[in-house]
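Below you'll find the structure, written out as structure tokens, and then a few comments.
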Amino acid sequence: MGTRIIKIFFSLILFCLDKLQNLFKRNKFRTIVVLYYHAVSESEREKFAAQLDMIQRSGITPIEPSAFHKEFKKGRFCCITFDDGFQSTIDNAVPELTKRSMPCVLFIPTGSLGHRPRWVTDERHSYFQEHVIDKDVLKSIASLDLVTIGSHGTHHFDSNAITDDEFEREIVTSKEALDRIIGTPVDIFSFPFGRCSERHREILQRNGYRNAFSTVPTVLSEASVPLIIGRVNCDCKDWPLEFYLKLSGAYRWQKTASRLKWILLNKLEFLSQLQNAFRWQEMAARMRLLFKKGEL
């Protein structure tokens, strides 16, 4: 709870600064915020619908990833994505999106089609009882004009925890399976667990992927679209203010915070190693002194 409130506090400050800055901007560019969800249970459907209503009231227009690369009018846009391809998303989220003519993206882990999510092994995990859609449902849902299908790998491996060859096999086999099932080429990918590095960029490009999505909150505001795009995590349990700040791109400070945290941890590790080195030097000096005295 404390961490959540701190995040809202910093995001609220950034939101206010953005508003002040916009007052003095003559040339306002488009902004795109990518949201991502996982499961939407039946009990959460009403709250999810309320979040969609907030998007409509905010004047922010939901778009699909292919629109990122098109030239369109200045304005505020968002993209709604779902990882893991859970049946609960199809049952509860997609109907609410369809009612409002809002496009969405489903990232599918092909190795778990028709099964429980195989990467979740802890029975206490909230997703342990979820079910990944099967091939027939995937084919049916992919035929909807408002739904875009993307790859979430084959086995839902952490991309940073496997070799480049293993990563390439993951994205190639999943793309081949999806292309075959839905009958159209898949060119977007979502990193399982959200972790990625620059070394994955070239592998994605040479295997036909146009964009890949991480879990680092960012805001797209330039004419050119990077290959790897950040997203902000959303939950049906988000407070209204919390969700609106995420939708407005005010959580993007977390990207800078993560970098600073990484730098700080590396500095602390270096200082710890340096301190240990000095301790060894002191120990060695004491041992030499004792040796000279004949006590060793």
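The values are calculated or read from the model by the stated rules, or taken from the named source; none is laboratory data. The structure presented is a predicted model; accordingly, all values stated were derived computationally and were not measured. All Cβ positions, glycine included, derive from the backbone under ideal geometry; neighbour counts span all protein chains shown.
So is Ser43 assigned to a helix (DSSP H, G or I) and either more than 21 Å from the chain's Cα centre (by Cα) or under 22 Å from Leu241 (Cβ atoms) (or both) or not? Yes: the conditions hold for Ser43. For the range 76-110, the set of residues classified as small (Gly, Ala, Ser), surrounded by 20 or more Cβ atoms within 10 Å (Cβ to Cβ) and over 24 Å from Ala250 (Cβ atoms) consists of Gly85, Ser88, listed by residue number.
Pull up the range 117-147, narrow it to residues that are farther than 12 Å from Gln87 by Cα and hydroxyl-bearing (Ser, Thr, Tyr), then point me to the one that is surrounded by the most Cβ atoms within 10 Å (Cβ to Cβ). By that ranking, first place goes to Ser140.
Tallying residues that are at pLDDT 90 or above, of a type in the set (Gly, Ala, Ser), in contact with a strand residue (DSSP E or B) (Cβ under 9 Å, 6 or more places away or on another chain) and assigned to a loop (DSSP other than H, G, I, E, B) within the range 192-225 yields 1. Of the candidates Val105, Val94, the single residue that is in the same structural domain as Pro185 (by TED's automatic domain parsing), under 20 Å from Glu44 (Cα atoms) and in contact (Cβ under 8 Å) with a residue 60 or more places away in the chain is Val105.
A residue that is modelled with pLDDT of 80 or more, over 30 Å from Glu168 (Cβ atoms) and outside the structural domain of Leu35 (by TED's automatic domain parsing) occurs somewhere in the range 255-270. Filtered by the rule that a residue be within 16 Å of Phe193 (Cβ to Cβ) and among the hydroxyl-bearing types (Ser, Thr, Tyr), the range 125-180 gives Ser126, Tyr127, Ser151, Thr154, Ser159, Ser174. Counting only residues that are in contact (Cβ under 8 Å) with a residue 40 or more places away in the chain and not aliphatic (A, V, I, L, M), the range 146-177 holds 11 of them. Just give me the residues in the range 62-81 being modelled with pLDDT of 90 or more and either of a type in the set (Asp, Glu) or part of a loop (DSSP other than H, G, I, E, B) (or both), in sequence order. Passing the criteria: Ile63, Glu64.
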